[in-house]
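As structure tokens, the structure follows; a few thoughts come after it.
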Amino acid sequence: MFLGVWQTSVPSVSSVSSQTSLPSSASFISHNDNEFKKQILTLLEKLFNQNAEIIKYIQANKAHSASKQSLPTLPVSLPLHSEDNLRTLEEYLRLSDESVIALIEYLSTLGGRDTTNKINIILKFLFTDEVASTYSFYGKRLNKKPFHQLILKTVIIRKL
């Protein structure tokens, strides 16, 4: 569906270039500079209009998808402020697959530029610095607890 929308409403690169052919040699610029500028401006205008359509489409879909996903009801508030809150959430997630799925779906709405950024956003959403600083992935150094044993680790990985 997504591709169909764009194929009909946004011209492809090949159709834009066939509508306005660009010169193949630099000599064209020196002989017909005004024509070249007009072609570039025409292409820029088309790109501007395409970008405006794409932004409008993304914003409409973001608002629609964000309204669908709300934070599921949890027995604790987020970010987690204590080890007790973390244990309570872990036990709650252990007993309910539906809650795990709902949390994964919600976390997927948080966004991020790339995988590292997404993980950082999710971790900041889930944990205060105080709780996060008591964990390392394997828990082997500095008397930290192992994060890899938590259900929340699985939630984050399945979200990606």
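Read-outs throughout are calculated quantities, based only on the coordinates presented, and are distinct from any laboratory measurement. No experiment lies behind these values; they were computed from the predicted model shown. No Cβ is skipped: glycine too gets one built from the backbone with ideal geometry, and neighbour counts run over all protein chains shown.
Which value results when the Cα radius of gyration for segment 112-160 is divided by 2.2 N^0.38 Å?
Cα Rg divided by the expected 2.2 N^0.38 Å: 1.15.
Compute the distance from the alpha-carbon center of segment 38-53 to that of segment 76-145, in whole Å.
Centre-to-centre distance over Cα atoms comes out at 44 Å.
Where Lys and Arg each count +1 and Asp and Glu each count -1, what net charge lies around LEU150 among other residues with Cβ under 15 Å from its Cβ?
Spelling it out: positives minus negatives among the neighbours equals +3.
What are the ³J(HN,Hα) values, in whole Hz, obtained from phi via the Karplus relation 6.51 cos²θ - 1.76 cosθ + 1.60 with θ = phi - 60°, for each residue of segment 149-160 in sequence order, with x given for Gly and Pro?
So the J values, rounded to whole Hz, are 8, 7, 5, 4, 4, 5, 4, 5, 5, 5, 5, 6.
Please list, in chain and number order, the residues 5+ apart from SER136 or on another chain whose amide H is under 5 Å from its amide H, with Hs placed from the backbone.
Excluding prolines and chain starts, which carry no amide H, the hits are LYS145, PHE147.
Hey, what do the phi angles of segment 129-143 turn into as Karplus ³J(HN,Hα) couplings, whole Hz, using 6.51/-1.76/1.60 and θ = phi - 60°, x for Gly and Pro?
3J(HN,Hα) across segment 129-143, in whole Hz: 4, 4, 6, 4, 6, 8, 10, 10, 4, 9, x, 9, 10, 6, 6.
Tell me which of LEU89, ILE122, ILE54 sits at the most positive position along the dipole axis of segment 35-160, charges placed on C-beta atoms (Lys, Arg +1; Asp, Glu -1).
So the residue we want is ILE54.
Please state the charge dipole magnitude for segment 50-160, taken about the Cα centre, from unit charges on C-beta atoms (+1 on K and R, -1 on D and E), reported in debye and rounded to the nearest 20.
380 debye
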